[in-house]
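Reviewing the structure listed below.
The values are calculated or read from the model by the stated rules, or taken from the named source; none is laboratory data. All values reported here derive from a predicted model rather than from experimental measurement. Reconstructed Cβ throughout: ideal geometry from the backbone, glycine too, with neighbour counts over all protein chains shown. Surface accessibility is based on the protein's heavy atoms, side chains included, excluding ligands, DNA and RNA. Shrake-Rupley method; radii C 1.70, N 1.55, O 1.52, S 1.80 Å.
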Amino acid sequence: MLRPCGIKGQKRKKREERYDKEEDEVEAEEQSIERAKRAMVEEKEMAMETSGKEEEELEGQTHEMAGIPIVPSDLKTKKPGLIFVLERASLEVAKVGKSYQILNSDDHANFLRKNNKNPADYRPDIVYQALLSILDSPVNKAGRLRAVYVKTDKGVLFEVKPHVRIPRTYKRFAGIMLQLLQQLSITAVGKREKLLRVIKNPVTQYLPVNSRKIGFSYSSEKLVKMNKYVAAVSDDVDIVFVVGAMAHGKIDCDYIDDFIASKFFLDHLLPFM
């Protein structure tokens, strides 16, 4: 019988863990890592300080360099506010059939003729479009609109807050005006703030003392350019625009300082104020 014999060859060496580093070497390495971290933090702090100084220097230089857009410094100063007064607004309430409604020339023409009234005089859509234009204007979005007052053809005066969002449809607007004239106020949902409220006459008691009251009239011989006219008004004087909200005729108010004739665009007011 043959004896089994093992094949001779190189034996695999077992992996042995080497602990070459001594304890003092480990501590020295940890300390060097901490020093490196501290150095990186200090470098970042120094970089932030130097960048801040450079920004300050650049800000100081921009006032002297031409052609660099800089935020106007007059934004920090007090700007004049705008107040609108809509005179002779056609908002008359009447009982048509079994319900009360705001009379208008389209829906109530027959009713108005039966009561010997001219349908052309009943145009609540004019004050509706005027309020939309004023409250959606860039002047209001910039926070320059102080208040809006509306005086009806029957002498009822009410205030509209600048942050009120007028409904996008006329029927909804007519419903709100009907509610306002019947209940004398409309409050915000879930709040006690009165967004629209009927107030006592005259409107002059609510206007600033140092305000300039400007009326618009097609019959005025004083035709002006709006940007130049507004630019000539002092910065510490609020401007009150009195606009007629009727289909025809003219406004006759004794508190107006000046009547002008001009093409009036709200979008063109803000850049010149």
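For Lys228, which of the numbered conditions (1) in a helix (DSSP H, G or I); (2) under 24 Å from Thr152 (Cβ atoms) fails to hold?
(2)
Somewhere in region 106-113, is a residue among the polar types (S, T, N, Q) and over 22 Å from Gly81 (Cα atoms)?
Looking through region 106-113, at least one residue is among the polar types (S, T, N, Q) and over 22 Å from Gly81 (Cα atoms).
Of everything in region 137-172, what is closer than 22 Å to Ala247 by Cα, free of Cβ contacts under 8 Å to residues at least 12 places away in the same chain and open to solvent by 30 Å² or more (accessible area, probe 1.4 Å)? Give them in sequence order.
Arg168, Thr169, Lys171, Arg172 - these are the residues of region 137-172 that are closer than 22 Å to Ala247 by Cα, free of Cβ contacts under 8 Å to residues at least 12 places away in the same chain and open to solvent by 30 Å² or more (accessible area, probe 1.4 Å).
With (1) farther than 17 Å from Leu91 by Cα; (2) not in a loop (DSSP other than H, G, I, E, B) as the list, and Val237 as the residue in question, which single condition is left unmet?
(2)
Pick from region 79-103 the residues that are in contact (Cβ under 8 Å) with a residue 60 or more places away in the chain, part of a loop (DSSP other than H, G, I, E, B) and over 21 Å from the mean Cα position of the chain (by Cα): which of them is farthest from Asn140 (Cα to Cα)?
Glu92
The rows are residues; the columns are (1) open to solvent by 70 Å² or more (accessible area, probe 1.4 Å); (2) of a type outside the set (Lys, Arg); (3) touching a residue at least 40 places away in the same chain (Cβ under 8 Å).
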{"site": "Tyr218", "(1), (2), (3)": "yes, yes, yes"}
{"site": "Val224", "(1), (2), (3)": "no, yes, no"}
{"site": "Asn227", "(1), (2), (3)": "no, yes, yes"}
{"site": "Val242", "(1), (2), (3)": "no, yes, yes"}
{"site": "Ala245", "(1), (2), (3)": "no, yes, yes"}
{"site": "Tyr255", "(1), (2), (3)": "no, yes, yes"}
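Taking region 188-212, which residues are within 27 Å of Val237 (Cβ to Cβ), among the hydrophobic types (A, V, I, L, M, F, W, C) and open to solvent by less than 80 Å² (accessible area, probe 1.4 Å)?
Across region 188-212, the qualifying residues are Ile199, Val203, Leu207.
Which of the residues that make up region 160-188 are β-branched (Val, Ile, Thr) and touching a Leu at 6+ places or on another chain (Cβ under 9 Å)?
Once the filter is applied, which keeps residues that are β-branched (Val, Ile, Thr) and touching a Leu at 6+ places or on another chain (Cβ under 9 Å), region 160-188 yields Val160, Val164, Ile166, Ile176, Ile186, Thr187.
I need the full set of residues from region 104-120 which are assigned to a helix (DSSP H, G or I) and either open to solvent by 30 Å² or more (accessible area, probe 1.4 Å) or in contact with a Gly (Cβ under 7 Å, 6 or more places away or on another chain) (or both), in order please.
Asn110, Phe111, Arg113, Lys114, Ala120
Yes/no matrix, rows are residues, columns are (1) touching a strand residue (DSSP E or B) at 6+ places or on another chain (Cβ under 9 Å); (2) of a type in the set (Lys, Arg):
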| residue | (1), (2) |
| --- | --- |
| Arg168 | no, yes |
| Arg172 | no, yes |
| Ile176 | yes, no |
| Lys191 | no, yes |
| Leu195 | yes, no |
| Asn210 | no, no |
| Tyr218 | yes, no |
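Among the residues of region 129-136, are any of a type in the set (A, V, I, L, M, F, W, C), surrounded by 13 or more Cβ atoms within 10 Å (Cβ to Cβ) and in contact with an Asp or Glu (Cβ under 8 Å, 6 or more places away or on another chain)?
no
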